[in-house]
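Following: one structure in structure tokens, then a few remarks.
The values are calculated or read from the model by the stated rules, or taken from the named source; none is laboratory data. Just so it is clear, the structure is predicted and the values come from calculations on it, not from any experiment. Glycine also receives a Cβ, built like all others from the backbone with ideal geometry; neighbour counts cover every protein chain displayed. Accessible surface is based on the protein model in full, side chains and every heavy atom, while ligands, DNA and RNA are left aside. Shrake-Rupley method; radii C 1.70, N 1.55, O 1.52, S 1.80 Å.
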Amino acid sequence: MKPGYSLMKHYLQFKDLRAEEYAYLFERTRLIKTRFKNYERYQPLTDRTLAMIFEKASTRTRVSFEAGMYQMGGSVVHLTTGDSQLGRAEPIEDSARVISRMVDLVMIRTYEHTKIERFAAFSRVPVINGLTNEFHPCQILADVFTYIEQRGSIQGKVVAWVGDGNNMANTWLQAAEILGFRLHVSTPGGYEVDPKVGGISTDDCYKVFANPLDACRDADLVTTDVWTSMGYEAENEARVKAFADWCVDAEMMAAAKPDALFMHCLPAHRGEEVAAEVIDGPQSVVWDEAENRMHVQKVLMEYLLLGRIG
Ligand code: CP
Ligand code: NVA
């Protein structure tokens, strides 16, 4: 750890960082991304190791953390439930004590958020949430950076959330409160966002709409996610019926501002939560969004290990 930087931070929820820390991270990401695009070597994490623990499937999270860590000069250890003692009932607290004596940083994708909290409580090194049932902060970090990159500040803007009141929705709510934008939320009955999950105490930063078209009206950004998140597969049949009208289509995009963007954390199901003409259309920035996972996470890892640079 850099001399003078001793306060260990975890990144388990979006609200774990303050608005001014986000301002720094977004500015720094712009620089780190530009340097990367110019093939400039930048390896501040030489000899540092990231352990990545996956209890659920992943493409983007794995590739972005792994490639990002190697680019910064470090290395990674990849663990899954099936190939470690985590799947054989070793207590999470014991796993945390052991793993965090050998690596410098841990990224975890798991089920209940309490599980990552328990790991963090016994970890000697920073822990990053790579998705839990309740939150997906690294994704919203990338999404907000992508918005800023394309359109400038997100403060005062309207983001429409169409779909499930899931981990992404909870995290968007926290981001709205911290970064000063409004979330227009439309979910089917029974799948509402519970603001208490993210610790949101007032309704200043969000508004609920029964009709998804109304949520999209005059929005600066329209975003959605799968109808059935990982871990909820048993509910798939009921969800397909309940979510039938929550497909982001051309009509919803037409109700948004003319320069509105469309985002989706991916993987996507064309014809379910989003029409092909929207996700593959000119307002969609989903590929930039996916790429930016790597750039923002490189900066997040640098920040958690070395603090502010410059
Ligand atoms: N968006 C996201 O987290 O993708 P993966 O599930 O592929 O990691
Ligand atoms: N809400 C989805 C996001 C996947 C990246 C899930 O949890 O499966």
Hits in the range 261-287 - residues which are assigned to a helix (DSSP H, G or I) and surrounded by 16 or more Cβ atoms within 10 Å (Cβ to Cβ): 278, 279, 286
Subset of the range 288-310 [assigned to a helix (DSSP H, G or I) and basic (Lys, Arg)]: 293, 298
Do we have residue 133 as modelled with pLDDT of 95 or more, touching a Gly at 6+ places or on another chain (Cβ under 9 Å), among the polar types (S, T, N, Q) and within 16 Å of ligand 1 (Cβ to nearest atom) here? yes
Sort out which residues of the range 230-248 are assigned to a loop (DSSP other than H, G, I, E, B) and over 15 Å from residue 190 (Cα atoms), and write them in order of number. 230, 231, 247
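Every residue, every condition in (1) within 18 Å of the chain's Cα centre (by Cα); (2) in contact (Cβ under 8 Å) with a residue 40 or more places away in the chain; (3) more than 16 Å from residue 56 (Cα to Cα), yes or no:
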position: 103; (1), (2), (3): no, yes, yes
position: 107; (1), (2), (3): yes, yes, no
position: 116; (1), (2), (3): yes, yes, no
position: 121; (1), (2), (3): no, no, yes
position: 126; (1), (2), (3): yes, yes, yes
position: 131; (1), (2), (3): yes, yes, no
position: 135; (1), (2), (3): yes, yes, no
Could you say whether any residue in the range 243-264 is under 15 Å from residue 164 (Cα atoms), modelled with pLDDT of 95 or more, over 23 Å from the mean Cα position of the chain (by Cα) and away from ligand 1 (no atom under 15 Å from the Cβ)? yes
Enumeration of residues in the range 288-304 that are more than 16 Å from ligand 2 (Cβ to nearest atom), crowded, with 22+ Cβ neighbours inside 10 Å and of a type in the set (A, V, I, L, M, F, W, C): 299, 300, 301
Select from the range 81-130 the residues that are in contact with a Pro (Cβ under 7 Å, 6 or more places away or on another chain) and away from ligand 1 (no atom under 16 Å from the Cβ) and list them in ascending order. 105
Kindly evaluate residue 272 against the criterion of being modelled with pLDDT of 95 or more and within 16 Å of ligand 2 (Cβ to nearest atom). yes
Cβ contacts < 6 Å: first residue on the phi > 0 side of the Ramachandran plot, restricted to the range 52-76; second residue away from ligand 1 (no atom under 11 Å from the Cβ) and open to solvent by 10 Å² or more (accessible area, probe 1.4 Å), any location; separation 6+ or different chain. Result? 73/43; 73/46
Per-region count, the range 230-245, residues among the aromatic types (Phe, Trp, Tyr) and open to solvent by 30 Å² or more (accessible area, probe 1.4 Å): 1
Which helices (runs of 4 or more DSSP H) sit wholly inside the range 1-116 and have at least 1 residues that are touching a strand residue (DSSP E or B) at 6+ places or on another chain (Cβ under 8 Å) and within 16 Å of ligand 2 (Cβ to nearest atom)? 60-71
